[in-house]
Each structure stands twice: as structure tokens, then as C-alpha cells.
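Please read the structure below before turning to the comments.
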Amino acid sequence: MKFIRNHLKHNGLFAIMFSITVISIITVSIIITWTTFRMSEDFFIEKFSITNAKVVEQMKDSFESYNYSIVLASNNILQSGKIKRIMTEEQSNTQQMKSIFEIGEQMKRTKSFVDSYETEIVVTGSNEMNYATNRTYWPITDEELKNHMMTRMSLTNPRKIMYHYDERYENSSGAEGTKFIVATKPLMERISGDFYGMMYFPIHESEFRDFFTSYTSEGNDVYILDKKGTIVSSNQQDLIGEESKELLAYVQDADQSLNSYTIEEFMGEEQIIFKEYLPSLDMYLVNLIDRDTAIGNLINKKQIVLICIFIVAIALVIVFLISRKMTNSLSKLVKQISNASKYNFDQYVSVSGTYETRQIGRAFNSMLDELHDYLEKLVLFQKQKRNAELAALQQQINPHFLYNTLTSIKFMIQQGGKGEAEETINSLISLLQNTIGNVSETITVSQEVNNLKNYVLINQKRYGDRIKVNYLLSPDCMDKEIPKLILQPFIENSFFHGFNHKTSGFINVMVWEEKGTLICEVMDNGDGMEISTNKLPTTKKKKQHFTGIGVKNVHERIQILYGPQYGVSITSEVGEGTRVKITLPILKKDEE
């Protein structure tokens, strides 16, 4: 996992470019494939609709031909004076027998107009006289026929042949559920407009279905709907006689564009719907073609998808190789830059690859050169600055310290302590020589301890020897180099802050080596203090110190010189004393 993270870290640009390219190629491929499918399907449906429109037109012609035969037969009946006379005059039984013979002869001639179809003729008159070319074909009683809805509807529009759906559940042969489409028209006097009977032309739905059955197949269905939405005929026989509001809604929504097609869902399947109005029947012809059946084998989608996957795979391999080649030099450059040491400015990167990466490599190497020069100058400046600061601090000998020391010497001489005064003067001279006269930043442990002894002697002459100073020094550490005036501030703090409450005590100065480091420790058994950070109390102004070098300054000097792993740490406990530990590297004079 770590290897993967590191690999991605140095190849982020390649990963991003390749990912974006992969997503783009796959997205474009999917869109193009989907668009190809849709355009192909739409093109096929568009062309198919033109062909199917001709088929629908042929079905319409079949219905028109049948209607034309009915029109001829009905006109022949209306023009027959004999039929009119038979259907209107009162007749005896003998006359009725003769009339039935006469009307039978007439009907033979009339039926010749519909002989091409399995259609019978039923005629009823106002004088209760009726005649049927085949009584068993359409088993309906005279009384039922007289009061039937189709009769009443036809009388409301007597000049038009009307078509009705009728279903016979019982007849003399015991058959049930026989379906008929019946054409009706009143027998009406042309001049007066008086009705003298009705004529009916029933045809079995199965015969009516033959007009379009040859055009149907699996997934290709035809429905004939009346204005109420009742399916009066269809190759889907289970639906005949049922009302389909769904189909009716489709045809009514497209009344103004019946010759067009729509794609809608019907009975859970997506269908291509062709609609045609049959004006002679006052019905709708609806042709439903299952969309999947129609275009399912048009396109080999599986093969196209496999081809697209193959093309995409090849494209991705090519994109991978090109992207890798383009970004490889940049990735190497990034890796070299990221692996460059923070403190090693001589680690240059290789200049190779594309023009852009070569320019970046040259610019980085040029930056390293400039940074290297700048750091050399900065290090030199900081060293000079530290030396100047130390020199300035060395010059900041507190004048009051000198005044009071010289005053103390004066009193010693006046009181006859010439030897003691001479010793104090020698210590002061030595102390001033090593602090003011020596401008070196570091001195040996031995020199620093000598300065401490001179400083302690002067303070003991001034304030008394109530505070004893002990020196516990490892002999092999005496020639080790340490920063100048690194111990004096802590001795000074112990003298002036460590024994405000206690009247006497001691200060131990210890130097030794430990685990490759030089340890300098100043410990007293004075008042101690509460500390939360490694800071001592501020200097009280009534005490006149030797210099202005403070604890913080010592700690910062050490870290600037040797690094953050070195410095000053302080521990203290109230009433027990304070311990200051200084950690330094082990350096000799020639290693400075």
C-alpha cells in the first residue's frame, strides 16, 4: 500500500491525465454507440412506417370494398318496389306465402352483391313482415331485433349505413359467444322520408377478421375499434368485445394525424402504433407492432458492443503508452526534486525529457546555485552578526559592578588589607582581559572556569563568603571548546536570586562527558522556585550584574551554533534549590 501511495505521489499528473482520458473515451464511446443504436432504430422505424402505411392502406381498402358491396346491396333493396310493397301492405296468410317467395327471389339477386363475403341479409317491415336469407346464421328473434340498440341508433341517422358489434350467447345449435359485425340501414321512402322497415347485413367477426389477418403476425396485431373504444375485431381474439380506453386515447390524441405513427406502451410492451380512420365504418383501424420484435434483429448489438470494447481497449493502450512517455520525464524530475535533501543544496537534478521538463530542470539547478550562494552569504552574515553581538555584550560590563568592585578595593586598602585588595585587583584584571580583550566566540572549559573563579572571588570579597562555590570538573573535559560566558549568567543568578531567604549555601559547578555530549551543570541548594517553563526570574534592578547576558540568550546561542538538540534545561523545587543543565557537543580547539 505504501509503495502504491509513493508511486502515485510521483506520477500524479500521469494518473490524472490517463484517468480523464479513459473516462472521456469510454463516455464518448457509450454516447456514440447509444446514438448509433437510436439513429438506426429511428431510421428503420421511419422507413418501416412508410411500408407499413401502405399495408394499412390495403387493409383500409378491404374494408372499403366490403362497405361498397353493402352499399350496392342496400341500394338494390331500397330501389325495389316489390320489397317496399311486401313490407308495407297488410297480407293474408296466402299472400304472405307468395310474398316470401317473391322477396326470396329478389334477395337472391341482391345477395349477389355480397356473395364475395360470408354475409347474410335480414329485412323487417313496418307490417311485421320479415325475411332472412339464413335464419340460423344470425340467431336473433324478431322482437329482440325490433328493440335492439342498433335499430334505434340506425333510425337516428337513416341516410347512413351504420356498423355495430353484436354478440350472440345462445342459438339453436347451442353455440355461445358468437360475435358479429352488423351493418344496418332503415328502409325509407325517398320523397316523403317515411320509414317502412330495416335491413341488416350481419357477418361473423371471424369472416370480418379475414380482411386483415393476412397482414398480421407475431408481434404485429390489428384492432378495429368503434367510437366507444370497444374492440369489435382483432387477431387477438381474447380482447374482442372489450373496451380499451388506452387504445381509444391513442387514436383520439392523434385524430389530426392518423396517418402518422407513435411509440407508446400498451399492455406492458413498447409498441409502434399506426392508426387509420375508416370513415365508411366510422371506426378506427389500429395496427400495433411490438418494437422489440420489429427492430430486435435489425442491429447485432452484442457484436457492436464487443467491437466498441475492442476499439476502446486499443485506444486506452495507445493513450497509456503516449501519456506515460509524455509524463515519464516530468515524473522523474518530480521524484528527484522531492528526494532532494532540505539541507543539501548540491544535489542537482538531471536535465532530460521534453523541452518543458528540461527547462524546469535547468531552472531548478540554477535556483540551487543561487540558493547555495545565498546561504553561504547568510551563514557568513549570521556568524559575523553573532560575533558582533557577543563583542557588544562583552563591552556591556555593568559600570556599577566596576564602581562597587573598585570601591570595595579602596576600603580594603584603607583598612590595611593590601594583600586581599591585590588579589581582588588581579581577579578583576583577568576577568576583564578574558571578556573584553578576547573576541573569540568559544573558549576552553578551563578558561571559562578561570573566569568563573575570578568572578566568584570578586563577589565573595564584596558580599562575603556565605555562598560557597565548588568545582567538580572531569580532567578530560578541560580542553573542550564551549561558547564564552556560558556558565557565568547561571552563577550570577544563583548568587543574586537563589539565596534571598536562606543565609548561606553552596553552588556546585560540574562538567563531564555523557553519551557523546558535554554536560555542564550549575546546581545550588538555595530558595528554589516554581517554574512551568525553562526560564529563571527576571533580574532585580537593585542587584548590579556583571554583564547583560541572560539565560534565554545562552539557550538561543547554543541552538544557533549547534542545533535544536542542544541547549539549556532547568529544574527547580521551592526550598530545595535549582539545577541548570547545559548540553553541548564535544569539540576541541581544532574542530571549531
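The values are calculated or read from the model by the stated rules, or taken from the named source; none is laboratory data. Everything numeric here is computed off the predicted structure, so don't read it as measured data. We place every Cβ from the backbone using ideal geometry, glycine too, and count neighbours over all the protein chains shown. Quick note on the areas: whole protein, heavy atoms, side chains included, nothing else; ligands and nucleic acids left out. Shrake-Rupley method; radii C 1.70, N 1.55, O 1.52, S 1.80 Å.
General remarks:
- Scanning the stretch 84-103 for residues that are without any contact (Cβ under 8 Å) to a residue 60 or more places away in the chain and either open to solvent by less than 10 Å² (accessible area, probe 1.4 Å) or at positive phi (or both) turns up I86, S99, I103.
- The conditions of being modelled with pLDDT of 80 or more and either open to solvent by 10 Å² or more (accessible area, probe 1.4 Å) or not β-branched (V, I, T) (or both) are met by E492.
- Among the conditions (1) out of contact with any Ser or Thr (no Cβ under 8 Å at 6 or more places or on another chain); (2) of a type outside the set (D, E, K, R); (3) open to solvent by less than 30 Å² (accessible area, probe 1.4 Å), the only one that M149 does not satisfy is (3).
- Set side by side, the residues Q382, Q303 differ, and just one is at pLDDT below 80 and either among the small types (G, A, S) or open to solvent by 90 Å² or more (accessible area, probe 1.4 Å) (or both), which is Q303.
- For the stretch 398-456, a residue qualifies if it is among the aliphatic types (A, V, I, L, M), open to solvent by less than 30 Å² (accessible area, probe 1.4 Å) and modelled with pLDDT of 75 or more, and the qualifying residues are I409, M412, A421, L428, I443, V445, V449, L452, V456.
- Scanning the stretch 448-497 for residues that are closer than 26 Å to G528 by Cβ and of a type in the set (K, R), we see that the one that is farthest from the chain's Cα centre (by Cα) is R462.
- In the stretch 199-227, residue nearest to L155 (Cα to Cα) [restricted to those that are of a type outside the set (D, E, K, R), assigned to a strand (DSSP E or B) and open to solvent by 10 Å² or more (accessible area, probe 1.4 Å)]: H204
- Any hit, the stretch 159-174, residues being farther than 16 Å from M107 by Cβ, at pLDDT below 90, open to solvent by 60 Å² or more (accessible area, probe 1.4 Å) and touching a strand residue (DSSP E or B) at 6+ places or on another chain (Cβ under 7 Å): no
- Close pairs from the stretch 570-584: first at pLDDT 90 or above and of a type in the set (V, I, T), partner outside any strand (DSSP E or B) and open to solvent by 30 Å² or more (accessible area, probe 1.4 Å), Cβ under 6 Å, at least 6 apart: I570/N534; T583/Y566
- Restricting the stretch 104-135 to residues that are closer than 21 Å to Y196 by Cβ, without any contact (Cβ under 8 Å) to a residue 40 or more places away in the chain and in a loop (DSSP other than H, G, I, E, B), the residue that is least open to solvent (accessible area, probe 1.4 Å) is T133.
- Cβ pairs under 7 Å, 6+ apart, first in the stretch 360-376 and surrounded by 11 or more Cβ atoms within 10 Å (Cβ to Cβ), second assigned to a helix (DSSP H, G or I) and not acidic (D, E): I360/L333; G361/L333; F364/I337
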